[in-house]
Amino acid sequence: MDTLSELIRCPRCRARLKSDVGKIVCTNTDCLYASLGFERAGDQPVLIDFESSIFSRPNPGDPMLSVVPRVDRRRTLRNRIRDLFEGTNQTAVENSLAVRRALKSLSPAPKLLIIGGGGLGAGVTTFLEDSSIEVVATDVYASPNTQLLCDAHHLPFDDGMFDGVWVTAVLEHVLEPQVVVDEIWRVLKPSGVFYAETPFVQQVHEQAYDFTRFTASGHRWLFRRFEEIDAGVIRGMGTGAGLAWSVRYFVRALSSERMATLVSLPFFLLRHLDRFAHPRQQADAALGLFIWGRKSERSLTPKDMVAYYETQLAWSQNSPRSIGGRP
Ligand SMILES: [Zn+2]
């Protein structure tokens, strides 16, 4: 926590923070949060500027100020059955090993920021089990996996603090993805790495907090201020998986959630056919995409994007190098 207190800044004005009678306050006397201070969820600071956030200031007793207990997804029969049909994300696990190597080439004790780290997403344990990596996990709710709460549009950290940022299944849930990605760029050190996974052909989930989808090219453009290391379709989240999601939502619209789950489950086996799909058609209709790369001082130009579409032809789920990896 000592290091964490060095990293954190006011999400409103980016001034340093200090403890004042047990409360965290902004040191900038002109800032709203110099007097108002920040709430805590358990022992975790809630570093959200509620004046500019989709989230409202919590009252005492509000769920945002409580800590959600750790959930082990694998324990329940329902989740085991779901994993059987929907699969687990091996792409994230495999890519996490490459990201870890990149982090270690930057520093012997790299700092990794996880945005949306409340639940233990696929691949994250690679970093948690490595004691040389300092992980700072954030989310909009507190869990035993997080160290603080924040709104990713205003990351409460100084510039250039992190060697890496991990952001999976998050960017569809933020109002302004480009603002969030610009924040990721800002908090990364020069040559720092990011890893992102975001849905493309996927129906609305998380109810009111779901805003945007990205094509493979749109995903790349979002990260245009980064040099790409690898990108592709997430294994098990290709066109077949997208079709299964569509079947589930179609049946749900006509009947019930229970019927939708029942009818769509066999369709999730279609994801096994994705390995035979043509790379072009797969990239054009995948359920989810990944991209990772390095902070750069050079940005892609609009004209680069036409050529980028062609590079997706080399994405293949059969590639031995990585899923979606270029040969
Ligand atoms: Zn401030």
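Could you tell me whether residue 129 is touching a Leu at 6+ places or on another chain (Cβ under 8 Å) and surrounded by fewer than 14 Cβ atoms within 10 Å (Cβ to Cβ)? Criteria not met by residue 129. Among the residues of segment 27-71, the ones that are loosely packed, with under 14 Cβ neighbours inside 10 Å, part of a loop (DSSP other than H, G, I, E, B) and within 12 Å of the ligand (Cβ to nearest atom) come to 2 in all.
Among the residues of segment 186-217, those that are assigned to a helix (DSSP H, G or I) and either surrounded by fewer than 20 Cβ atoms within 10 Å (Cβ to Cβ) or in the same structural domain as residue 246 (by TED's automatic domain parsing) (or both) comprise 186, 217. Listed by first and then second residue, the pairs with beta-carbon distance under 9 Å, at least 6 apart or on different chains, first residue in segment 216-242 and within 18 Å of residue 96 (Cβ to Cβ), second surrounded by fewer than 24 Cβ atoms within 10 Å (Cβ to Cβ) and acidic (Asp, Glu), are 233/274; 235/94; 235/274; 236/86; 236/274; 237/274.
Checking segment 249-257 against the condition returns a match, with at least one residue being part of a helix (DSSP H, G or I), closer than 24 Å to residue 270 by Cα, without any contact (Cβ under 8 Å) to a residue 40 or more places away in the chain and in contact with a Ser or Thr (Cβ under 8 Å, 6 or more places away or on another chain). With the requirement that a residue be surrounded by 18 or more Cβ atoms within 10 Å (Cβ to Cβ) and more than 29 Å from residue 48 (Cβ to Cβ), what does segment 107-126 give you? Matches in segment 107-126: none. Scanning segment 10-26 for residues that are over 27 Å from the mean Cα position of the chain (by Cα) and more than 8 Å from the ligand (Cβ to nearest atom) returns 18, 19, 20, 21, 22, 23, 25. Filtered by the rule that a residue be crowded, with 21+ Cβ neighbours inside 10 Å, in a loop (DSSP other than H, G, I, E, B) and either small (Gly, Ala, Ser) or at pLDDT 90 or above (or both), segment 271-315 gives 286, 287.
The values are calculated or read from the model by the stated rules, or taken from the named source; none is laboratory data. Since we're looking at a predicted model, the values are computed, not measured. Note that each Cβ is placed from the backbone with ideal geometry, even for glycine, and that neighbours are counted across all protein chains shown.
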